[in-house]
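Every read-out reported here was derived from the displayed coordinates using simple, explicitly stated rules and does not represent laboratory data. Since the structure is predicted, the reported quantities are computational estimates derived from the model, not experimental observations. Cβ: placed from backbone, ideal geometry, glycine included. Neighbour counts: every protein chain shown.
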Amino acid sequence: MARIIAITNQKGGVGKTTTAINLSACLAEAGQHVLLVDFDPQGNASSGLGLEREDIENTVYDLLTEEVTFEECRIAEIQKNLDILPSDMNLAGAEIEFQEIEDKEKLLRSYLEKIKDDYDFILIDCPPSLNILTINALTAADTVLVPIQCEYYALEGLGQVLKTVDLVKRKLNPGLELEGVVFTMYDARTNLSLEVVENVKSNLNRTIYKTIIPRNVRLAEAPSHGMSINQYDTRSTGAESYRMLAAEVMSRGEDL
Ligand code: ADP
Ligand code: MG
């Protein structure tokens, strides 16, 4: 049965989508069967894996509004072992449209439950806000992975994410756990990156991944070529670090 991991942080630009794409791809490369759910109306995870508008017939929005079945929405084997549920701008209307629906927080969960047995990992790329989409993702998830950018305001966002996780845990999803915090865009040339890591470590007495994702220009370039980092530049430091993160995520599963 899959471990469902929501990748979330209400701050934009911290590396959620980069982590969702490349962790999915590296887990798949390691032989795990992975489903990536693009749950951001911006659709960056979909385009970052090379999907263009005309390739996408149905999106996760159509699935949630019961227009289509999972099979009609999922794009199978976008890479070996990796399937994706794509997204597009339509998902932005969800906040208003879902108002009327009973159990609107549990929509995604009810669909993923049906296919959970078909995968080893299901990763959900969340939008940069704490709206109904993020609540749906946290309600569907077993664990939450929080990317933190190594910058001055890093801690500011973290407190809010952890509060939301605790709230969802109490009200909607008692089994929800923190998968871990992963530092992204680490710049070894600056003292600031190091200070942020030390600061978060001393403030956060919860799981932090040993793997730190460095700032690596190849990671920023890969999505414009529609490729994950292991395809775009397999020997880059970005690829190596996401492989290490994938290994840590897999081994952590053994203790869960
Ligand atoms: P989010 O999904 O949290 O908004 P993204 O993953 O889209 O964040 O990352 C924001 C920007 O930073 C993107 O342009 C991305 O290519 C770039 N980026 C993310 N991680 C790295 C990294 N480790 N090194 C260099 N650029 C990165
Ligand atoms: Mg994103």
For q = 0.11, 0.17, 0.18 Å⁻¹, Debye-computed log10 I/I(0) when each Cα of the range 1-134 counts as one equal scatterer: -0.34, -0.86, -0.97
Per DSSP, loop trypsin sites (Lys or Arg not before Pro) in the range 26-128 with at most 15 further Cβ within 10 Å: LYS80
Output wanted: per-residue J couplings in Hz (rounded whole) for the range 83-97, from phi through Karplus 6.51 cos²θ - 1.76 cosθ + 1.60, θ = phi - 60°, x for Gly and Pro. 10, 9, 9, x, 9, 8, 4, 3, 5, 4, x, 4, 3, 7, 5
Candidate span helices, the chain: DSSP H, at least 24 Å along axis from Cα coords, Kyte-Doolittle average at least -1.0, result 154-171, 237-255
Rounded, prolate or oblate: pick one for the range 142-237, where a ≥ b ≥ c are the square roots of the eigenvalues of its C-alpha gyration tensor, a/c under 1.5 means rounded, and failing that, prolate if a/b is larger than b/c, else oblate. oblate
Near-label residues of the range 172-196 by backbone N, under 19 Å of a point 7 Å along Cα→Cβ of LEU155: 181-184, 186-187, 191-196
Please express the shape of the range 113-158 as an equivalent ellipsoid: the semi-axes are the square roots of 5 times the eigenvalues of the C-alpha gyration tensor, given largest first in whole angstrom. 26, 13, 7
Evaluate the Debye formula for the chain with equal point scatterers sitting on the alpha carbons, no solvent, and hand back log10 of I(q)/I(0) at q = 0.10, 0.17 Å⁻¹, in q order, two decimals. -0.44, -1.36
Please return the longest range in the chain lying between exposed loop sites, taking chymotrypsin sites (Phe, Trp or Tyr not before Pro), DSSP loop only, at most 11 other beta-carbon atoms within 10 Å, and leaving the sites out. 1-151
Distance-filtered residues of the range 66-92 - backbone nitrogen under 12 Å, label point 7 angstrom along THR234 Cα→Cβ: none
Could you give the longest part of the chain that holds none of the GluC sites (Glu not before Pro) found in DSSP loops with at most 12 neighbouring Cβ atoms within 10 Å? 103-256
Per residue, how big is the convex hull around the C-alpha atoms of the range 25-103? Give it to me in cubic angstrom, could you? 96 Å³
